[in-house]
Amino acid sequence: MNSIPMLSSILGLSFASGINLYAAVLVVGLGERFGWISGLPGSLDTLAHPAILSIAGIMYLLEFFADKIPFVSVAWDSIHTVIRPLGAAALALASTSKLSPELQAIAMLAGGSVALGSHSTKMGYRLLTHASPEPVSNSIFSVAEDFGVVGLVLLTYKHPMMATGVVAALLIGIAIALPFLLRVLTFLISGLAGRIAAWFRSPDTCAIPAWLAPELDGIGSGRSVYRCFARRVPKVARMRQGYLIVSEKQSYFAFRGWVRPRLIQVSNMAPRVDRGLLFDTLGSDDWSVYFTKDCSPGNQPLANGRGSVPVTAR
């Protein structure tokens, strides 16, 4: 087998496995069994065994329903953060079973990495849909993913050159989008952790990290520091984790830059707090931030240029 079909099998099957491992196994196994695809590399033809097809079918049905339920799908995807990359690595090993051990090891690493990338991207954008936890959007995304997996796997073995190009383009897209998706993932995990922590203690100002402490020397007295995430702050990427610093004279959004900490000055108007399930939102006309429930100003006073002003909730 020449290199292009082999590469297509490793990349295409790994990418599909990162989205839905059981669907990918089913398509390959059923395709081999019923003659939809042929010339599978290595020992992938073992996926057509009835026992493997039965187990993959049962797991696919479980995933089909779990994936349609908000928050249940988050738990399912979290568990599969380990399972999907390992499954993809095993499929990559099966694809290269006739090659040298060195190439098999490289294929396993590549397959697991590609699957982890597609899985992380899937989990990131699916978490975005849970900001509005209704079943319709989740079901649409889930069905689209299933069709995408079937199409990619069939393309991998029918037109390997085209499939390789498609996967390469998808990986480039992931590389561009992944920083934002990782910020979203951190944002939502922090929200869940903050909601749980708030059940056991009252919200309060947060401990000041070591990198931020020196930057506070030139800021006025009576300051409060709250960990938060940027919702709409000038020159700051969305969902960037940082700290809102409020003093009697001026307010800042501070975050850790590549080289040094950055402080973005924000208007010191008396903002309002919007209460949410996982986050409180604070902001004025030109900026707004999210607070986790364990580190939210709530109804506590925030200082501004006109003195201590109570933050109202609505």
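Computed values, structure above
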| item | result |
| --- | --- |
| Relative contact order (percent, whole number), the range 148-285, Cα cutoff 8 Å, 6+ residue spacing | 15 percent |
| R0 of 41 Å, Cβ-Cβ distance Ser100-Asp274: FRET efficiency to nearest 0.05 | 0.10 |
| Length-normalised contact order for the range 3-195 - Cα pairs under 8 Å, 6+ apart - percent | 34 percent |
| Distance (nanometres) between label positions extended 7 Å along Cα→Cβ at Gln241 and Ile208 | 2.0 nm |
| Fraction of antiparallel bridges per DSSP, the chain only, in percent to nearest 5 | 95 percent |
| Charge dipole (the range 3-195, unit charges on Cβ, about Cα centre) - positive-most of Gly35, Ala168, Leu154 | Ala168 |
| For mean projected area of the Cα convex hull in nm², calculated from these coordinates, the label among (1) 21.0; (2) 19.1; (3) 23.5 | (2) |
| Net charge dipole size for the chain [Lys, Arg +1 and Asp, Glu -1 on Cβ; Debye, nearest 20] | 880 debye |
| Gyration tensor (alpha-carbon) shape descriptor, the range 30-161, a/c threshold 1.5 | prolate |
| Excluding exposed DSSP-loop chymotrypsin sites (Phe, Trp or Tyr not before Pro) (at most 15 other C-beta within 10 Å), longest clean stretch of the chain | 72-198 |
| Structure-based [θ]222 nm, the chain - -39500 (n - 2.57) summed over DSSP H runs of at least 4, per residue, nearest 500 | -19000 deg cm²/dmol |
| Label point distance in nm, Asp286-Ile172, each placed 7 Å from Cα along Cα→Cβ | 3.8 nm |
| Cα-based helix-to-principal-axis angle, 101-129 vs the chain, degrees rounded to 10 | 50 degrees |
| DSSP-loop trypsin sites (Lys or Arg not before Pro) across the range 140-206, with at most 10 other Cβ within 10 angstrom | Arg201 |
| Cross-link reach list, lysines versus Lys249, counting only Cα pairs under 24 Å and skipping chain neighbours closer than eight places | Lys235 |
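Every number in this text was worked out from the coordinates using simple rules, so none of it is lab data. Keep in mind that what you see is a predicted model, and the values were worked out from it rather than measured. In this analysis, Cβ positions are derived from the backbone assuming ideal geometry, glycine residues included, and neighbour counts consider all displayed protein chains.
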